[in-house]
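Only one structure is covered here, and it is reproduced in the block below.
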Amino acid sequence: MNATKRIPVSESVWKELSELKKPGQTFDELLSEIVEREKKYRLMQDMKRIEEEGEFEELEL
């Protein structure tokens, strides 16, 4: 059973979230999408940093 949690947000953040929400979409669904996007963004940033800063060895196959 999932427990319901409450997250206090300012009125301005509430309005912005409401504007992002698609018709019929719940805030839970919206926040889940935002979390997934952020995870992908961070992964891409990490990969970019590693590519720019890393030292690589060519592998012979």
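The values are calculated or read from the model by the stated rules, or taken from the named source; none is laboratory data. As the structure is a computational prediction, the values presented were derived from the model and not from experiment. Note that we place each Cβ from the backbone using ideal geometry, even for glycine, and neighbour counts take in every protein chain shown.
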The lone condition Glu60 fails out of (1) assigned to a helix (DSSP H, G or I); (2) among the charged types (D, E, K, R); (3) loosely packed, with under 10 Cβ neighbours inside 10 Å is (1)
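For every residue, the table says whether it meets (1) surrounded by 10 or more Cβ atoms within 10 Å (Cβ to Cβ); (2) under 14 Å from the mean Cα position of the chain (by Cα); (3) aliphatic (A, V, I, L, M); (4) not in a helix (DSSP H, G or I).
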site: Lys5; (1), (2), (3), (4): no, no, no, yes
site: Val13; (1), (2), (3), (4): yes, no, yes, no
site: Glu19; (1), (2), (3), (4): no, no, no, no
site: Glu33; (1), (2), (3), (4): yes, yes, no, no
site: Ile50; (1), (2), (3), (4): yes, no, yes, no
site: Phe56; (1), (2), (3), (4): no, no, no, yes
Could you grab the pairs with beta carbons closer than 8 Å, sequence gap of 6+ or different chains, first residue in segment 5-23 and free of Cβ contacts under 8 Å to residues at least 40 places away in the same chain, second one surrounded by 11 or more Cβ atoms within 10 Å (Cβ to Cβ) and of a type in the set (Asp, Glu)?
-> none
In segment 29-60, residues that are within 27 Å of Lys5 (Cα to Cα) and modelled with pLDDT under 95 total 0
